[in-house]
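Participant: Mind having a look at this structure? Questions to follow.
The values are calculated or read from the model by the stated rules, or taken from the named source; none is laboratory data. Being a predicted model, the structure only gives us computed values, none of them experimental. Cβ atoms come from the backbone with ideal geometry, glycine included; neighbour counts cover every protein chain shown. Note: accessible area is taken over every heavy atom of the protein model, side chains too, but ligands, DNA and RNA are not part of it. Shrake-Rupley method; radii C 1.70, N 1.55, O 1.52, S 1.80 Å.
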Amino acid sequence: MTLTIALSIVLALLFVATGAGKLFGAKTSLEARDHFRMSSALWRTIGALEWAGAAGLVVGLVTWQWVAHAATVGLGLLMVGATITRLRYDSKPTGVVVDLVLLALLITLLFLDR
């Protein structure tokens, strides 16, 4: 259970941070958006979904486990999309590796005993 709590909190903080960059227009985030040729509305929507997923991870720890499971699956789907996007537009393997590591952590969290 301790691993579940720690992993949920770490992932929630990571997704809050990345979502904040998208929602509030951090310079590096805007550069990434332009590199991936995404609209402002889509970029902000992804940021909002990251925040919703982070909130779901925390809520799932406190109350309903199914919320955490749904948030984990949703964030996992976002990471699949991020990986595909990076493979289409990015030549740097580090971004793809980071996305795949986050996806692996989300899958691990999904299958941990809650």
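Participant: Test LEU23 against the criterion of being within 18 Å of LEU57 (Cβ to Cβ), more than 17 Å from the chain's Cα centre (by Cα) and part of a helix (DSSP H, G or I), and give yes or no.
Facilitator: No, not satisfied.
Participant: Just name the residue that is farthest from the chain's Cα centre (by Cα) out of those in the range 93-104 that are under 19 Å from LEU13 (Cα atoms) and open to solvent by less than 60 Å² (accessible area, probe 1.4 Å).
Facilitator: Taking the candidates together, the pick is GLY95.
Participant: Tell me yes or no: at least one residue of the range 21-44 is surrounded by 16 or more Cβ atoms within 10 Å (Cβ to Cβ), touching a Leu at 6+ places or on another chain (Cβ under 8 Å), at pLDDT 95 or above and under 26 Å from ILE5 (Cα atoms).
Facilitator: No, the range 21-44 contains no residue that is surrounded by 16 or more Cβ atoms within 10 Å (Cβ to Cβ), touching a Leu at 6+ places or on another chain (Cβ under 8 Å), at pLDDT 95 or above and under 26 Å from ILE5 (Cα atoms).
Participant: Just the residues that are in contact with a helix residue (DSSP H, G or I) (Cβ under 9 Å, 6 or more places away or on another chain) and within 19 Å of VAL96 (Cβ to Cβ), please, taken from the range 23-42.
Facilitator: Across the range 23-42, the qualifying residues are THR28, SER29, ALA32, ARG33, HIS35, PHE36, ARG37, MET38.
Participant: A further question follows. Just to be sure before I move on: is THR18 open to solvent by 50 Å² or more (accessible area, probe 1.4 Å) and modelled with pLDDT under 90 in the structure I sent?
Facilitator: No, not satisfied.
Participant: Still on this structure, please answer the following. Report, by residue number, each residue of the range 79-92 that is closer than 24 Å to LEU11 by Cα and either among the charged types (D, E, K, R) or open to solvent by less than 40 Å² (accessible area, probe 1.4 Å) (or both).
Facilitator: Selection gives MET79, GLY81, ALA82, THR83, THR85, ARG86, ASP90, LYS92.
To keep it simple, each residue is scored yes or no on (1) under 11 Å from the mean Cα position of the chain (by Cα); (2) assigned to a helix (DSSP H, G or I); (3) closer than 25 Å to PHE111 by Cβ.
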| site | (1), (2), (3) |
| --- | --- |
| ASP34 | no, yes, no |
| MET38 | no, no, no |
| LEU42 | no, yes, no |
| THR45 | no, yes, no |
| LEU77 | yes, yes, yes |
| ILE84 | no, yes, yes |
